[in-house]
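Chemist: Following this message is one structure expressed as structure tokens.
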Amino acid sequence: MAPTAGATTGAFFETAAFAGVWARELVLFKRLWRSTTFSSVVEPTIYLLAFGFGLGALIPEIDGYTYVEYVGTGTVATAVLFSSVFAAMFNTFVKREFLKTYDAILVTPVDVKELMGAEASWLAAKAGIYGCAPLLVAMVFGLPPSWGMLAVPFIAALTGLGFAFLGQWISAIVPSIDSFNYVTSAVITPLFLLAGTFFPLTNFPPVVQTLAQFNPLYHCVQLVRNASFGWQPAADLLHVLALIAFAFLAAFLSIRWSRKKLID
Amino acid sequence: MSTPSPAIVMHDVVKRFGDTVAVDGLRLEVPTGQCMGLLGPNGAGKSTTMRLLTGQAHPTSGTIEVLGLPVPKRSKQARARMGVVPQEERPEDQLTCREQIRVWATLFRVPRAQRAAAVDRALAIAKLSSRADDRIKTLSGGMKRRLLIGRALVHGPELMLLDEPTVGLDPQVRQELWSLIDDLRNSGVTVLMSTHYIEEAERLADSVAIMNHGRVVALGSPMELLTAHAGTEAVEFYGPPERLAEVERVVAETGLPTRRNGPAVSVLRAEGLPTSVLDRLGQGTRRAATLEDVFVLLTGEDLE
């Protein structure tokens, strides 16, 4: 007897569609988790060693934190950025243009918004987990654990969600895979440096400090620090709202442009 | 008893890409339980037609119904009940056959309790049971194509769309795939298959729709198409170019169609060729009319 396909519910986002796309990612992850985990842990370790011991010896403290505390919390944002935006840019492009995976998935009961949403939420979940790696590494180097740090996976996942959608959108607007070099240099690197990860922005001209308010990564860094060292409820609420707004905007852009690319 | 409604109905469908008209007023009905071949040269609009049926292209005008559902509006519901074998996809090399099909079982929402059995059944249909746990990168081209067919069948679809299922495969591997598609049709699944191999359409299809410039120019069983357009016999004349030109000139007076066929001229519907003409032209080689004759007559294009 042939199995019967599950009926569609007509919901805007169907969980069954998400489950299907996640099933694909999960089975691939079973093959690739070693290398992913290795780079997610080794990279922040190198940053912490280099900056912590190199610069940390020269800098007694920043904003009242030791340099390891400052960089350890800041590099959470770096890990989130790398695991979400780059993965989304490259994987989305390759699956859409070279492997034709998306064309194949779109003949199943999954539509473009579910496909992009499922892939972004998968990257967000990964960012939530791997975003904690720098924190754990920093603890080895003297970062004191705190209860607030339990919020870090959620901060990382929320940030990762926005950046995953952003990466998908970038992959849909670039003319070729080589264009990612321009995007990395002109967009991602400034975002990454002007987020208060390795140094505070207080010495920059006011215009740069204002611009930083529009950098989602900046909000992520602030939230992670406050989660680790003490919440600032009013400011933190705004940081969370900024990240939510970013995720919605990026989701809108990604789904709209992906649909243009995938549906004639 | 009423006859079941057609699996696919396309009514006056137009699809433009900017100034290019890919599909130009297409009318097509695929009866439930049939295997229909969509035969046409490259650029005839076959792939666009396939994408229109899966909601991956939206028509500029016209209406489409798949399994009784309006498409693209309710394409998702239709897709849950159909299987599609795309032409270009490259499945993930690192996965095993079983893993790949299992992912598709989840995408097609096969209930968890039935998933393992559905995967085994799909592997058996694709004749890949013995390779179930081998990685896809170790499979031959023909096996990969069978995997894609098995994958598309995992949820027991009522309708299968196959886009150029054997393109780029060796002749003996094509035979294997053909028997697989035969089995499908025999099990009651409606099949729409695009191809530009005449032999494939002739061998597999209950009916053939010949497409050219975005529309169906002829439709019928291979036998009906032959009778309607190419008759039963063709006569081929060989010789130097002057001789071929002379044959064409003489036959043109009779109103019978001719086509150049490599080093020969084929006179079609040759059963109606007057003996007086044959006497003038001398000895030709008689052969049975083929679907290729019909195709070339209707599209003006030579095929593989």
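Chemist: Would you check which residues across the stretch B:84-96 are more than 7 Å from chain A (Cβ to nearest Cβ) and under 26 Å from the mean Cα position of the chain (by Cα) and list them?
Modeler: B:85, B:87, B:91
Chemist: Let me ask another. Under the condition of being in a loop (DSSP other than H, G, I, E, B) and among the charged types (D, E, K, R), which residue from the stretch B:71-83 is nearest to the other protein chains (Cβ to nearest Cβ)?
Modeler: Top of the filtered list is B:81.
Chemist: Among the residues of the stretch B:130-142, which ones are part of a helix (DSSP H, G or I), surrounded by 16 or more Cβ atoms within 10 Å (Cβ to Cβ) and small (Gly, Ala, Ser)?
Modeler: B:142 - this is the single residue of the stretch B:130-142 that is part of a helix (DSSP H, G or I), surrounded by 16 or more Cβ atoms within 10 Å (Cβ to Cβ) and small (Gly, Ala, Ser).
Chemist: Say we look at the stretch B:215-233 and pick out the residues that are part of a helix (DSSP H, G or I) and surrounded by fewer than 16 Cβ atoms within 10 Å (Cβ to Cβ); which of these is modelled with the highest pLDDT?
Modeler: Applying the filter and picking the extreme gives B:224.
Chemist: Turning to a different aspect of this structure: Which residues, taken from the stretch B:7-42, are in a loop (DSSP other than H, G, I, E, B) and without any contact (Cβ under 8 Å) to a residue 40 or more places away in the chain?
Modeler: Once the filter is applied, which keeps residues that are in a loop (DSSP other than H, G, I, E, B) and without any contact (Cβ under 8 Å) to a residue 40 or more places away in the chain, the stretch B:7-42 yields B:18, B:19.
Chemist: Only strands (runs of 3 or more DSSP E) wholly contained in the stretch B:143-214 count here; list those with 3 or more residues that are within 14 Å of another protein chain (Cβ to nearest Cβ) and polar (S, T, N, Q).
Modeler: Hits in the stretch B:143-214: none.
Chemist: Now for a separate question. Could you check the stretch B:120-142 and list, in sequence order, the residues that are within 10 Å of chain A (Cβ to nearest Cβ) and farther than 19 Å from residue B:79 by Cα?
Modeler: Those that are within 10 Å of chain A (Cβ to nearest Cβ) and farther than 19 Å from residue B:79 by Cα: B:121, B:135.
Chemist: While we're on this one: Residue check: is residue A:49 closer than 24 Å to residue A:250 by Cβ and out of contact with any helix residue (DSSP H, G or I) (no Cβ under 8 Å at 6 or more places or on another chain)?
Modeler: no
Chemist: Okay, moving on. In the stretch B:43-70, which residues are more than 9 Å from chain A (Cβ to nearest Cβ), in a loop (DSSP other than H, G, I, E, B) and in contact (Cβ under 8 Å) with a residue 60 or more places away in the chain?
Modeler: Within the stretch B:43-70, B:44, B:45, B:67, B:68 meet the criteria.
Chemist: Could you tell me whether the stretch A:188-199 includes any residue that is closer than 30 Å to residue A:261 by Cα and at pLDDT 90 or above?
Modeler: no
Chemist: Restricting attention to the stretch B:158-196, report how many residues are among the hydroxyl-bearing types (Ser, Thr, Tyr) and surrounded by fewer than 18 Cβ atoms within 10 Å (Cβ to Cβ).
Modeler: Going through the stretch B:158-196 one residue at a time, the tally reaches 2.
Chemist: Give me a count of the residues in the stretch B:270-280 that are surrounded by 18 or more Cβ atoms within 10 Å (Cβ to Cβ) and out of contact with any Ser or Thr (no Cβ under 8 Å at 6 or more places or on another chain).
Modeler: 1
Chemist: Search the stretch B:34-79 for residues being over 19 Å from the mean Cα position of the chain (by Cα) and among the hydroxyl-bearing types (Ser, Thr, Tyr), and hand back the single one that is surrounded by the fewest Cβ atoms within 10 Å (Cβ to Cβ).
Modeler: The selected residue is B:61.
Matching residues to (1) at negative phi; (2) at pLDDT 80 or above:
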site	(1), (2)
B:258	yes, yes
B:261	yes, no
B:270	yes, yes
B:273	yes, yes
B:285	yes, yes
B:290	yes, yes
B:296	yes, yes
B:300	no, no
B:304	yes, no
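Chemist: If the Cβ limit is 7 Å and pairs must be 6+ apart or interchain, which residue in the stretch A:244-264 that is within 13 Å of another protein chain (Cβ to nearest Cβ) and assigned to a helix (DSSP H, G or I) pairs with which residue that is surrounded by 21 or more Cβ atoms within 10 Å (Cβ to Cβ) and of a type in the set (Phe, Trp, Tyr)?
Modeler: Within 7 Å, the pairs are A:262/A:102.
Chemist: Checking the structure you have, find out if any residue of the stretch A:154-175 is modelled with pLDDT under 90, in a helix (DSSP H, G or I) and in contact with a helix residue (DSSP H, G or I) (Cβ under 9 Å, 6 or more places away or on another chain).
Modeler: Among the residues of the stretch A:154-175, not one is modelled with pLDDT under 90, in a helix (DSSP H, G or I) and in contact with a helix residue (DSSP H, G or I) (Cβ under 9 Å, 6 or more places away or on another chain), which makes the answer no.
Chemist: Ok, one more. Please determine whether any residue of the stretch A:11-33 is within 7 Å of chain B (Cβ to nearest Cβ), surrounded by 14 or more Cβ atoms within 10 Å (Cβ to Cβ), more than 18 Å from the chain's Cα centre (by Cα) and modelled with pLDDT under 80.
Modeler: No: the stretch A:11-33 contains no residue that is within 7 Å of chain B (Cβ to nearest Cβ), surrounded by 14 or more Cβ atoms within 10 Å (Cβ to Cβ), more than 18 Å from the chain's Cα centre (by Cα) and modelled with pLDDT under 80.
Chemist: Condition test on residue B:110, is it within 10 Å of another protein chain (Cβ to nearest Cβ), part of a loop (DSSP other than H, G, I, E, B) and either in contact with a helix residue (DSSP H, G or I) (Cβ under 8 Å, 6 or more places away or on another chain) or more than 17 Å from residue A:26 (Cα to Cα) (or both)?
Modeler: So residue B:110 fits the description; yes.
The values are calculated or read from the model by the stated rules, or taken from the named source; none is laboratory data. Computed from a prediction, not measured in an experiment: that's the story for all the values here. Methodologically, a virtual Cβ is constructed for each residue, glycine included, from the backbone with ideal geometry; neighbour enumeration extends over all protein chains shown.
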